[in-house]
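Below you'll find the structure, written out as structure tokens, and then a few comments.
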Amino acid sequence: MTSSLLLGLIGDGISASRTPRMHENEGAAHSIPTIYRTIDISSPRLAEATLTELLTAAVRLGFDGLNITHPFKQQVIGLLDEVDPVAARINSVNTVVIGDGGRTTGYNTDVTGFSAGFRAGLDGAATEAVVQIGAGGAGRAVGFALAELGIGDLIIADTDVRRAEGLAADIVETSSVGTRARAIGLDELDGAAASAQGIVNATPMGMKAYPGTPVDTSVFGSETWVADVVYFPLETQLLAEARAKGCRMLDGSGMAVNQAIDAFELFSGRKANPQRMRETFLSFGA
Ligand code: NAD
């Protein structure tokens with residue numbers, strides 16, 4: 001049984017991440033002393049450090065696991081001993097378990113995290129036709145999660161249309177439930193949103209630095225459901241406008257908390273308490 005946990009998050013500009021405190025609090029609640037460090041490549045100490053160096057150092061120093069975030073989720077795959085089939089299919093790893101002898105195994109809990117958040121917050125929502133905006137790092141996880149949730153028609157828009165096309169093609173190629181994914185141009189977005197049952201924002205629009213909404217919400221009906229992956233702020237302008245129309249909504253906390261819940265179980269072998277994890281996450285303020 002795990003007697004203590006040494007964990008870390010490798011990424012760029014992650015000093016404000018809420019993930020360390022979620023794992024440390026949860027570990028303590030299970031009587032597993034847990035240290036979770038941010039390994040931020042924007043800090044002067046790590047100037048010019050490579051991902052290979054950081055991963056090797058973590059393995060050598062006895063880390064039990066790592067979370068991996070922007071810009072390394074794809075790059076890390078080639079450095080691991082083993083990759084879970086779902087993460088391999090998506091070509092993105094956000095969780096690395098470091099086992100006996102330093103053996104590394106990669107997983108993707110962004111996908112399972114979005115799915116769990118969706119099931120908890122939008123249970124029973126209509127899934128025949130959904131518009132997803134944004135096909136970047138978070139968007140890839142969201143797209144594959146939506147396909148696994150059984151979305152019939154998944155329509156993907158991104159300012160970089162090739163990204164949307166690439167994600168749609170990858171989903172069609174690998175979807176076991178036959179999701180019909182396709183990319184559209186931004187000029188088709190409002191029309192597609194008007195006839196969709198659900199809208200998912202996986203762009204940074206709605207964050208303080210990116211104000212506004214990624215789609216014209218006047219095309220939504222009150223039956224449209226709206227999900228956002230942005231979690232700072234929790235209520236984006238998109239969700240505020242959707243709320244005013246009486247739409248069902250899911251904010252970005254579901255994905256953020258559930259990816260940590262699933263990673264905690266992989267790291268510790270213990271089930272995290274969802275309510276406690278969520279309270280820790282929300283204790284940072286919205
Ligand atoms: P990213 O830069 O990898 O991808 C963003 C994508 O959105 C890009 O492909 C970009 O071209 C596209 N885009 C930007 N503005 C657009 C617009 N107006 N219309 C259409 N497409 C547009 O970023 P990311 O890592 O995917 O992060 C996106 C957001 O998701 C951020 O706000 C991030 O904080 C959030 N996020 C949340 C979670 C969570 O757990 N809730 C996890 C990861 C990321």
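Just so you know, all these numbers are worked out from the coordinates, no wet-lab data involved. In this text, all values refer to a predicted model and were calculated from it rather than measured experimentally. In this analysis, Cβ positions are derived from the backbone assuming ideal geometry, glycine residues included, and neighbour counts consider all displayed protein chains.
Of all residues in the range 198-213, none that is without any contact (Cβ under 8 Å) to a residue 12 or more places away in the chain has its Cβ atom under 7 Å from the Cβ atom of a residue that is hydroxyl-bearing (Ser, Thr, Tyr) and exposed (fewer than 12 other Cβ atoms within 10 Å of the Cβ), 6 or more apart or on another chain. Scan the range 269-286 for residues that are out of contact with any helix residue (DSSP H, G or I) (no Cβ under 8 Å at 6 or more places or on another chain) and aliphatic (A, V, I, L, M) and the total you get is 1. The residues of the range 164-178 that are farther than 19 Å from Ala87 by Cβ, of a type outside the set (A, V, I, L, M, F, W, C) and surrounded by 13 or more Cβ atoms within 10 Å (Cβ to Cβ) amount to a single one, Glu165. For the range 265-282, the set of residues classified as touching a residue at least 12 places away in the same chain (Cβ under 8 Å), over 19 Å from Ser92 (Cβ atoms) and either away from the ligand (no atom under 13 Å from the Cβ) or β-branched (Val, Ile, Thr) (or both) consists of Ser268, Gly269, Arg270, Ala272, Asn273, Pro274, Arg276, Thr280, Leu282, listed by residue number. Please enumerate the residues belonging to the range 173-193 that are away from the ligand (no atom under 11 Å from the Cβ) and in contact with a Ser or Thr (Cβ under 9 Å, 6 or more places away or on another chain). Correct list: Ala181, Asp190, Ala193.
So which of Ser195, Ser218 ends up being among the small types (Gly, Ala, Ser), free of Cβ contacts under 8 Å to residues at least 60 places away in the same chain and more than 15 Å from Met249 (Cα to Cα)?
Just a single option satisfies the conditions, and that option is Ser218.
Among the residues here, Leu79 does not qualify as touching a residue at least 40 places away in the same chain (Cβ under 8 Å) and either out of contact with any strand residue (DSSP E or B) (no Cβ under 8 Å at 6 or more places or on another chain) or of a type in the set (A, V, I, L, M) (or both).
Identify the residue in the range 125-149 that is of a type in the set (Val, Ile, Thr) and within 12 Å of the ligand (Cβ to nearest atom) and, among all such residues, is surrounded by the most Cβ atoms within 10 Å (Cβ to Cβ).
Going through the range 125-149, the residues of a type in the set (Val, Ile, Thr) turn out to be 127, 130-131, 133, 142.
Then drop every residue that is not within 12 Å of the ligand (Cβ to nearest atom), which leaves 131, 133, 142.
Values: Val131: 27, Ile133: 27, Val142: 30.
Of everything passing the filter in the range 125-149, Val142 is surrounded by the most Cβ atoms within 10 Å (Cβ to Cβ).
Look at the range 125-146: where a residue is at positive phi and a partner is among the β-branched types (Val, Ile, Thr), sitting 6+ places away or on another chain with Cβ atoms under 6 Å, you get Gly134/Thr203.
Being small (Gly, Ala, Ser) and within 14 Å of the ligand (Cβ to nearest atom) is a condition met by at least one residue of the range 208-216. Scanning the range 243-286 for residues that are aliphatic (A, V, I, L, M) and part of a helix (DSSP H, G or I) yields Ala244, Met255, Ala256, Val257, Ala260, Ile261, Ala263, Leu266, Met277, Leu282.
Could you list, in sequence order, the residues of the range 101-124 that are surrounded by 18 or more Cβ atoms within 10 Å (Cβ to Cβ) and more than 13 Å from the ligand (Cβ to nearest atom)? Correct list: Thr104, Thr105, Gly106, Tyr107, Leu122.
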